[in-house]
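S.K.: Below is one structure. I have some questions about it.
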Amino acid sequence: ANLEAEQGLIEDVKAAEAREKAAKFDAQKVIIEAGAKKDAADKEAEARKIIADAKAKEEATIGMSEAQVMHAKADASERQGMVDAIIIEKIAEAKRKEGLAEANVIQEKAIAEAKGIQEKAGAMKQLNDAGKEHEEFRLKLQKEKEVELAGIHIQKDIADAQATVLAEAFKTAKIDIVGGDNTFFDNLIRQVSNGKGIDKLVDNSQTITHFKDALLGGNGENGNSPDLIEKVKNMAIKYGITSEDIKNLSIATLIARVQMKASDEDKDFLSNISKFVSGISVEQKKLK
């Protein structure tokens, strides 16, 4: 029984020791596991801290970057605003100058147009005045023309009648004109000149022809020149002009040469003859 008891005690002791060892093992295991968990927790906490610090640094870096970016943007915006303001100011100044230039151009154009209108109005007024004066002058001229033509027609009729009478008379008359009283000769010249002027208006009538033929010869009954031309020829010979010279000289040239040598009385006569031949347009004719 003691043996069994000892055997049982030994077994109990062994079992207790085994349980103690198992408990110690379990406790050691728990301690190890707790330490491991603690280490793991510490390491996890450290890792989280590191992660948090990194994240904080990252966020701080991002924030600083964003702040710097914002600052840069603000600075750029400010600079852009200044540039825009300068540009707007320059544009406004340019527009102001352009507006002034346009205003000056418009003003100058308006002044030029007003001046042109004024000058045009003045020109139109002058033109109207000139047209009015021209029309008045035309009417006056027309009236004077009609009056003159009427007078010419009357003079023409009178001159034709006088010329016919004188021409008939000169066909047989001997003409002897001397110095002194020139009333008859002046009247004769005036009548012949009137006849000549009228001939030009009435289609070359024969009014003057009778006088030419009667005074210069060529149409008389005996073909001889009247006393008037003979008197001029005789006077030329008297003052030293030969018959040959007389044939080569026109009436006007002959009279001029004789006048240079003639006496005062003969000069008066030659002057009247010169007027007469000029009046009937025979001054360039040569004597036969």
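What follows is calculated from the coordinates using simple rules that are stated; it is not laboratory data. Given the structure is predicted, the values throughout are model-derived calculations rather than measurements. Cβ: placed from backbone, ideal geometry, glycine included. Neighbour counts: every protein chain shown.
S.K.: What is the sum of charges around GLU11, taking Lys and Arg as +1, Asp and Glu as -1, for the other residues whose C-beta is under 11 Å from the C-beta of GLU11?
M.R.: Computed value for this residue: -3.
S.K.: Still on this structure, I have one more. Please give me, ordered by residue number, the GluC sites (Glu not before Pro) of the range 1-32 that lie in loop per DSSP and have at most 15 other Cβ atoms within 10 Å.
M.R.: none
S.K.: Right, another one. Of the listed pairs LYS231/LYS285; LYS125/LYS145; LYS233/LYS285, which have alpha-carbon separations greater than 23 Å here?
M.R.: From the list (LYS231/LYS285; LYS125/LYS145; LYS233/LYS285), the Cα-Cα distance tops 23 Å for LYS125/LYS145.
S.K.: Quick check: the distance between the Cα centres of the range 262-284 and the range 28-55, to the nearest angstrom?
M.R.: Comparing the Cα centres of the range 262-284 and the range 28-55, I get a distance of 165 Å.
S.K.: Tally Lys and Arg at +1 and Asp and Glu at -1 over the other residues with C-beta under 13 Å from the C-beta of ASP39: what net charge comes out?
M.R.: Counting the neighbours of ASP39, the net charge comes to -1.
S.K.: Using θ = phi - 60° and the Karplus form 6.51 cos²θ - 1.76 cosθ + 1.60, what ³J(HN,Hα) does each residue of the range 49-62 get, whole Hz, x for Gly and Pro?
M.R.: 5, 4, 4, 5, 4, 5, 5, 5, 4, 4, 5, 5, 4, 4
S.K.: Right, another one. In terms of Cα to Cα distance under 17 Å, which lysines are near enough to LYS57, apart from those fewer than 8 places away along the same chain?
M.R.: Straight-line reach from LYS57, under 17 Å: LYS49.
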